[in-house]
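Read the figures in this text as sums done on the coordinates, not as results from a lab. Computed from a predicted structure; not experimentally measured. Here the Cβ positions follow ideal geometry from the backbone for every residue, glycine too, while neighbour counts run over all protein chains shown.
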Ligand code: SF4
């Protein structure tokens, strides 16, 4: 829980505040953009919630914050409980954002896909009973897909409870040497008719994207939506190989998808044709 004595002076007066333990992971700004804004190396409250929707979103941010940097002066038990119950949060039927981002992955987003042949966890949230129970209610986890070495977090704890198969690329295997399914090389791996693993080396050598149903691209830290500039974006720092990153971006021109669901950065939905246009624009910008 946040500490009022560490409250950032940049917070506007009012109930919600951010303290100096913030790691600037962006999670709160994604969930409650009318309340939180980036300010230097932190997030801060620039507008206090004024209605139920804004208050709900601010409580969702408080719960998802990986380091407990968001606090309130007066706790609203009802809104807190409601916000907690909203996770995992359905983005579309059967595709969910988990919340409870983990400090171990620098606050990366993780996702859950319900599927009749076994559910998928994509990257790992914090290990919390609330999510364990929620995953049990939905039939457990069959596969845990790790987009790259940075976002493993508590994958092994979830794998142990659900006897799930952990999937990671050979080149990032050092982060999870006990993984049951090791993806090799740079060829696309088709898994049944609906899932494919797409190697996208660049940010790390073993970065992978998961394509589901030719609609949902779980992109790890390879690709995300930038709502301020209104464009897709990709890493410009922390890159293993810049040329490989460009190849991996270009590869996405041939991948049909409508949702980009990243680890870091904003998620977004556009019709496939529009999304491809954004991928093309990014490739041209980076060329
Ligand atoms: S979610 Fe928490 S750690 Fe992340 S930017 Fe917001 S306040 Fe900071």
Relative contact order %, the chain, counting alpha carbon pairs below 8 Å whose residues are six or more apart: 11 percent
Distance-filtered residues of region 89-126 - backbone nitrogen under 20 Å, label point 7 angstrom along residue 237 Cα→Cβ: 103-109
Of 206, 265, 14, the one that fluctuates the most in a GNM where the chain has Cα springs shorter than 10 Å: 14
Taking 82, 242 and counting other C-beta atoms within 10 Å, the order from fewest to most: 242, 82
Estimated distance in nm for a label pair at residue 189 and residue 39, the labels positioned 7 Å out from Cα along Cα-to-Cβ: 4.5 nm
For region 4-84, the spread of Cα positions along each principal axis, largest first, Å: 31, 21, 19
Residue 253/residue 93 FRET efficiency (R0 25 Å; Cβ-Cβ; nearest 0.05): 0.35
Selected from 211, 232, 253 as most flexible by GNM, with the chain as the system and alpha-carbon contacts under 10 Å: 253
Cβ-Cβ FRET estimate between residue 173 and residue 74, R0 fixed at 41 Å, reported to 0.05: 0.30
Nearest 10 degrees, 0 to 90: helix 272-286 Cα axis against the chain principal axis: 90 degrees
130, 264 arranged by Cβ crowding within 10 Å, fewest neighbours leading: 130, 264
GNM top mover of 193, 201, 235 - the chain, alpha-carbon springs below 10 Å: 193
Fewest-first ranking of 167, 144, 228, using other Cβ atoms within 10 Å as the exposure measure: 228, 167, 144
Stokes-Einstein diffusion coefficient of the chain, Kirkwood radius over Cα pairs, 10 °C, 1.306 mPa s, in µm²/s: 82 µm²/s
